[in-house]
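K.L.:
Next up is a structure, given as structure tokens.
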Amino acid sequence: MDLLVLNHRDPRHPRAGGSEVVLWEVCRRLSRLGVGVTWLAERFPSSQEDETFGSILIKRRGDPLSLHFFSLLEARRHEVVLDSVAHAVLSSFKIDRFIWISGFEHLCAWAVG
């Protein structure tokens with residue numbers, strides 16, 4: 001399986017916090033199971049556009065607004081999209097050949113309690 005993770009920040013972002021840590025752990029564990037993971041996040045000053053962190057490819061594009069545009073372009077290259085940006089409708093749906101899962105952190109909160 002080939003997974004694209006969408007989040008405004010990646011773990012190396014200066015403003016990364018708890019949600020990035022949780023999401024990173026999920027991605028890291030999926031990667032260990034053989035899932036190809038790409039993380040798409042917005043750029044920050046002095047960030048590299050592409051970086052491999054562990055076994056996960058981090059792609060940084062745009063800013064808080066243009067990240068949505070870049071996510072649509074990048075999604076076409078992956079089987080499953082895990083959308084943690086959470087500005088879209090909170091639902092899971094299938095578009096063409098891939099599955100889009102949005103509102104990940106909200107689903108986790110619901111599942112836990």
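The values are calculated or read from the model by the stated rules, or taken from the named source; none is laboratory data. Since this is a predicted model, take the numbers as computed values, not measurements. A quick note on method: Cβ atoms are made from the backbone with ideal geometry, for glycine too, and the neighbour counts reach across all protein chains shown.
K.L.:
Cβ-Cβ distance below 6 Å, separation of 6 or more or different chains: which pairs start in the stretch 3-29 with a residue that is closer than 13 Å to Ile58 by Cα and end on one that is outside any strand (DSSP E or B) and among the aromatic types (Phe, Trp, Tyr)?
P.N.:
Short answer, once both residue conditions are applied: Pro11/Trp24; His13/Phe44.
K.L.:
Also, quick follow-up: Sort out which residues of the stretch 32-60 are under 12 Å from the mean Cα position of the chain (by Cα) and among the charged types (D, E, K, R), and write them in order of number.
P.N.:
If the condition is that a residue be under 12 Å from the mean Cα position of the chain (by Cα) and among the charged types (D, E, K, R), then Glu42, Lys59, Arg60 are the ones that fit.
Per-residue answers, yes or no, for (1) buried (at least 17 other Cβ atoms within 10 Å of the Cβ); (2) at pLDDT below 85:
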| position | (1), (2) |
| --- | --- |
| Gly18 | no, no |
| Arg29 | no, no |
| Asp50 | no, no |
| Phe70 | yes, no |
| Ala75 | yes, no |
| Glu79 | no, no |
| Leu107 | no, yes |
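K.L.:
Can you find a residue that is surrounded by 14 or more Cβ atoms within 10 Å (Cβ to Cβ), farther than 16 Å from Ala75 by Cβ and over 12 Å from the mean Cα position of the chain (by Cα) anywhere in the stretch 6-15?
P.N.:
Within the stretch 6-15 (the criterion being surrounded by 14 or more Cβ atoms within 10 Å (Cβ to Cβ), farther than 16 Å from Ala75 by Cβ and over 12 Å from the mean Cα position of the chain (by Cα)), the answer is yes, since at least one residue qualifies.
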